[in-house]
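Contents: one structure, followed by commentary.
Rule-based calculations on the coordinates, nothing more; no lab input. This structure is a prediction, so every number in the text was calculated from the model and none was measured. No Cβ is skipped: glycine too gets one built from the backbone with ideal geometry, and neighbour counts run over all protein chains shown.
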Amino acid sequence: MLATLNDILPKARAGHYAVGLFNTTDTDMLEAAIGAAEELRSPIIIGTAEVLLPYGELKLIAPGLVAAAKRASVPVVVHYDHGLTFERTMEALKLGFSSVMFDASAKERDANFAETAEVVRIAHAFGASVEGEIGHVGVAADCDNDKSDMYTTPDEAAEFIERTGVDALAVAIGSAHGVYKTKPKLNIPRLVEIAAKVPEPLVLHGGSGLSDDDFRNTIREGIAKVNIFTDLCLAGDAAMKEGLEKGLGYLKTRSLKVEAIKAAVMKKISLFGCAGKA
Ligand SMILES: [Zn+2]
């Protein structure tokens, strides 16, 4: 069934487990993600991100995402990840996404507050939930995870939630997007301080490449949503390579890929403690 972040994340934070956002840019990834969630009786968040639209146009994939969520036997949030422009974020809402992230974290602080608040007002009128970001989660290949001056502070996190009305907050505590060049080091004490001031669900971006302990430690301290995408691509890459090397052809290679991505999603759902929480 179609759900919002508010249907699933407060419960996750209170219960010390996390729901995964697995971006699904095509129907192969969609089939894998929904299949994994249903098999493990877990809520799940699917969707796409603005930077991923060149690989799956919003107008084409949105109807599939929404239809899959509605017919699923577990709660499914259809989430627009990292909305960077007002126009495309509004388009996602109009196409039936039940949740959006609006990410103005790379902009000036005042612009981030004002633009996020505007999106929240509109999204809530659609009945959709909103995630915002204060501090800035960078790109792993740029070694942005060393830039601790971009980390979220507890005071600005609390102020951001109060002034914008976001339902969930992405925090910058040392994780980054993409493939890590060096082992990331998460600032758990910072997360503990933020969580003490902010009762809302917190979100960890850049989850691919973190250790199992990183997930256990952050979920214990208030992370209720974890974003995973790169790991799914890596699982799909390996399966396609195997299929082609074995001479399986397009359709059988495609099925091998779906199975591999499904297995990767199931592994993360179990690790996040989300299995059986639907
Ligand atoms: Zn992200």
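The number of residues in the range 120-142 being β-branched (Val, Ile, Thr) and either in contact with a Lys or Arg (Cβ under 9 Å, 6 or more places away or on another chain) or within 16 Å of the ligand (Cβ to nearest atom) (or both) comes to 4.
Please work out which residue is farthest from the ligand (Cβ to nearest atom), limiting yourself to the range 104-117 and to residues that are of a type in the set (Gly, Ala, Ser) and in a loop (DSSP other than H, G, I, E, B). Checked the range 104-117; the qualifying residue farthest from the ligand (Cβ to nearest atom) is ALA104.
Considering every residue within the range 92-103, establish whether at least one is part of a helix (DSSP H, G or I), more than 16 Å from LEU232 (Cβ to Cβ) and not hydrophobic (A, V, I, L, M, F, W, C). Yes: the range 92-103 contains one or more residues that are part of a helix (DSSP H, G or I), more than 16 Å from LEU232 (Cβ to Cβ) and not hydrophobic (A, V, I, L, M, F, W, C).
Screening ALA196, ALA235 for residues that are in contact with a helix residue (DSSP H, G or I) (Cβ under 6 Å, 6 or more places away or on another chain), on the phi < 0 side of the Ramachandran plot and in contact (Cβ under 8 Å) with a residue 12 or more places away in the chain leaves exactly one candidate, ALA235.
In the range 177-217, of all residues being assigned to a helix (DSSP H, G or I) and among the β-branched types (Val, Ile, Thr), the one that is nearest to the ligand (Cβ to nearest atom) corresponds to ILE194.
Under the condition of being part of a strand (DSSP E or B) and touching a Leu at 6+ places or on another chain (Cβ under 8 Å), which residue from the range 1-22 is nearest to LEU40 (Cα to Cα)?
The initial filter retains those residues of the range 1-22 that are part of a strand (DSSP E or B), namely 2-3, 19-22.
If we keep only those that are touching a Leu at 6+ places or on another chain (Cβ under 8 Å) too, we end up with 19, 22.
Working: VAL19: 12, PHE22: 15 Å.
Among those residues, the one meeting the criterion is VAL19.
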